[in-house]
Amino acid sequence: MNEYMKETNEALLHTYNQFPVVLERGEGAYLYDTEGKKYLDFAAGYAVSSLGYADKELNDALKEQIDKIFHTSNLYYNTACGKAAEDLKRITGMDRIFFTNSGGEAVEGTLKAARKYAYKKGTGRYEFIAMKESFHGRSFGAVSVTGHDAYREPFEPLVPGVSFAQYNDLDSVKALVTDKTCAIILEPLQGEGGINAATEEFMKGIRKLCDEEGILMICDEVQCGMGRTGAMFAWQAYDIKPDIMSMAKAIGSGIPVGAFAMTEEVAKYSLEPGDHGTTYGGNPLACTAVSKTIEIFEKKHLVEHVQKVGAYLTKKLEELVEEYDTVKAVKGKGLMQGIQVTKPISEITGAALKEGLLIIGAGSDVIRFVPPLIIELEQVDEMIRILKKAL
Ligand SMILES: *Cc1c(COP(=O)(O)O)cnc(C)c1O
């Protein structure tokens, strides 16, 4: 442990299991620590740094915005916020956007938006159905719909009216529906829960159930959104549309920003002036990051790029299943994939770190691959080479 880690350990509240590395700078898909050691990054800071590191165009736009203004509050309009909202509207196909500072805060907003909709319509509905193995964040509302006992129990009692169904099991969802059900919330591809993709039948079934029963469908796209699965947003691959959605992680390429969005039909009956707010939300710096990220995504055709590199990654991971007894299955889509392994996760991630590869776990037995979306086929090969040593 070096001096920096020692000092940090004495000053910070210990809430993270950290790798013994002090990162200093990055370039493309590579990171460098304070000793100058190079790492290939297949973690992207939890699926955040979609454009990799030191993207000149993004950085120049951010610096230019800093010199103009980076905070206004929502007492006043600012041009960057309006532009970013237009851009998100276009790529989501939703009608109304609210900017937050994080994913958990975006999820909070979706839940409040759904409750307000029921309140204003006078339906008396307030219950949420969420999924087992889901992850929606750490604030009270978000943790209340998170399907892991360990994340919930120490903080009970939580928001009342939440029940948990089995992911990809429509009957288990139907069994929980009551005349008080307000919304169903799910990740179209579960991240923290172990890289579980929703089946087409499940997504379409939830949409139909919601339509029949007068329930709102909320998609949490905080991790699986913004190109990561090979669609701009994961739900777009299912030929359905949610009523409300959350996003964050990759939408600002690492500048802290999130958002939730809804259809006009929901917005008409939902949050109004005085109902909801956030001091930093929609600030010009975060919004510049969103607009610039979207611009670069479109210019570089990153969604198509993810489809191509993602297919190659699947092929390479499937070869590992053939080759290694300890690798059981390949999961996920695009550049949000994982392998199910029988060895302890921390042994593999620790060994990879020593060899210069950053990877992280998901759930209890999955190694997750969520690199910057700009990686090339050669970097998949490089990752596989190092991973084999770690396995
Ligand atoms: C990370 C994550 C969140 C929470 O986002 P924070 O920015 O950490 O608050 C919510 N939902 C999903 C699906 C996530 O992966």
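The values are calculated or read from the model by the stated rules, or taken from the named source; none is laboratory data. Since we're looking at a predicted model, the values are computed, not measured. Note: ideal-geometry Cβ built from the backbone for every residue, glycine included; neighbour counts use all protein chains shown. Note: areas computed on protein heavy atoms with side chains; ligands, DNA, RNA excluded. Shrake-Rupley method; radii C 1.70, N 1.55, O 1.52, S 1.80 Å.
List of remarks:
For (1) under 30 Å from SER144 (Cα atoms); (2) within 21 Å of the chain's Cα centre (by Cα); (3) open to solvent by 80 Å² or more (accessible area, probe 1.4 Å), each residue gets a yes or a no:
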residue	(1), (2), (3)
TYR46	yes, yes, yes
LEU58	no, yes, no
THR79	no, no, yes
ILE91	yes, yes, no
PHE98	yes, yes, no
SER102	yes, yes, no
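- Residue in the range 244-270 that is nearest to the chain's Cα centre (by Cα), counting only those that are part of a loop (DSSP other than H, G, I, E, B) and surrounded by 24 or more Cβ atoms within 10 Å (Cβ to Cβ): ALA248
- Considering the conditions (1) under 22 Å from the mean Cα position of the chain (by Cα); (2) surrounded by 13 or more Cβ atoms within 10 Å (Cβ to Cβ); (3) hydroxyl-bearing (Ser, Thr, Tyr), THR15 is excluded by exactly one of them, (2).
Let's see how each residue does on (1) within 15 Å of the ligand (Cβ to nearest atom); (2) charged (D, E, K, R); (3) over 30 Å from VAL341 (Cβ atoms); (4) surrounded by fewer than 21 Cβ atoms within 10 Å (Cβ to Cβ):
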{"residue": "GLY109", "(1), (2), (3), (4)": "yes, no, yes, no"}
{"residue": "ALA142", "(1), (2), (3), (4)": "yes, no, no, no"}
{"residue": "HIS148", "(1), (2), (3), (4)": "yes, no, no, yes"}
{"residue": "GLU156", "(1), (2), (3), (4)": "no, yes, yes, yes"}
{"residue": "VAL159", "(1), (2), (3), (4)": "no, no, yes, yes"}
{"residue": "LEU170", "(1), (2), (3), (4)": "no, no, no, yes"}
{"residue": "ILE195", "(1), (2), (3), (4)": "yes, no, no, no"}
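- Check on ILE296, in contact with a Leu (Cβ under 9 Å, 6 or more places away or on another chain) and more than 25 Å from ASP55 (Cα to Cα): no
- Only one of the numbered conditions (1) part of a loop (DSSP other than H, G, I, E, B); (2) closer than 23 Å to ALA248 by Cα is not met by HIS14, and that is (2).
- Per-region count, the range 197-216, residues outside any helix (DSSP H, G or I), open to solvent by 20 Å² or more (accessible area, probe 1.4 Å) and closer than 18 Å to PHE128 by Cβ: 1
- Any chance GLY282 is open to solvent by less than 40 Å² (accessible area, probe 1.4 Å), more than 17 Å from the chain's Cα centre (by Cα) and either farther than 25 Å from PHE202 by Cα or at pLDDT below 95 (or both): yes
- Boolean, PHE155 is within 23 Å of VAL266 (Cβ to Cβ), without any contact (Cβ under 8 Å) to a residue 40 or more places away in the chain and outside the structural domain of LYS333 (by TED's automatic domain parsing): no
- Taking the criterion of being out of contact with any helix residue (DSSP H, G or I) (no Cβ under 9 Å at 6 or more places or on another chain) and either outside the structural domain of LYS121 (by TED's automatic domain parsing) or crowded, with 24+ Cβ neighbours inside 10 Å (or both), the only residue of the range 183-193 that qualifies is GLN190.
- Counted residues, the range 69-101 - those being in a loop (DSSP other than H, G, I, E, B) and under 16 Å from PHE233 (Cα atoms): 3
- The residues of the range 217-237 that are away from the ligand (no atom under 12 Å from the Cβ) and open to solvent by 10 Å² or more (accessible area, probe 1.4 Å), listed by number, are THR229, GLY230, ALA231, MET232, TRP235, GLN236, ALA237.
- Where a residue in the range 47-58 is outside the structural domain of ARG228 (by TED's automatic domain parsing) and within 16 Å of the ligand (Cβ to nearest atom) and its partner, wherever it lies, is among the charged types (D, E, K, R) and open to solvent by 10 Å² or more (accessible area, probe 1.4 Å), with Cβ under 9 Å and at least six apart: ALA47/LYS249; VAL48/LYS249; SER50/LYS249
- Some residue of the range 299-312 being under 22 Å from the mean Cα position of the chain (by Cα) and not in a helix (DSSP H, G or I): yes
- The residues in the range 176-193 that are assigned to a strand (DSSP E or B) and either away from the ligand (no atom under 13 Å from the Cβ) or in contact with a His (Cβ under 9 Å, 6 or more places away or on another chain) (or both) can be counted, and the count is 5.
- Among the residues making up the range 111-128, those that are surrounded by 22 or more Cβ atoms within 10 Å (Cβ to Cβ) and within 16 Å of the ligand (Cβ to nearest atom) are LEU111, ALA113, ALA114, PHE128.
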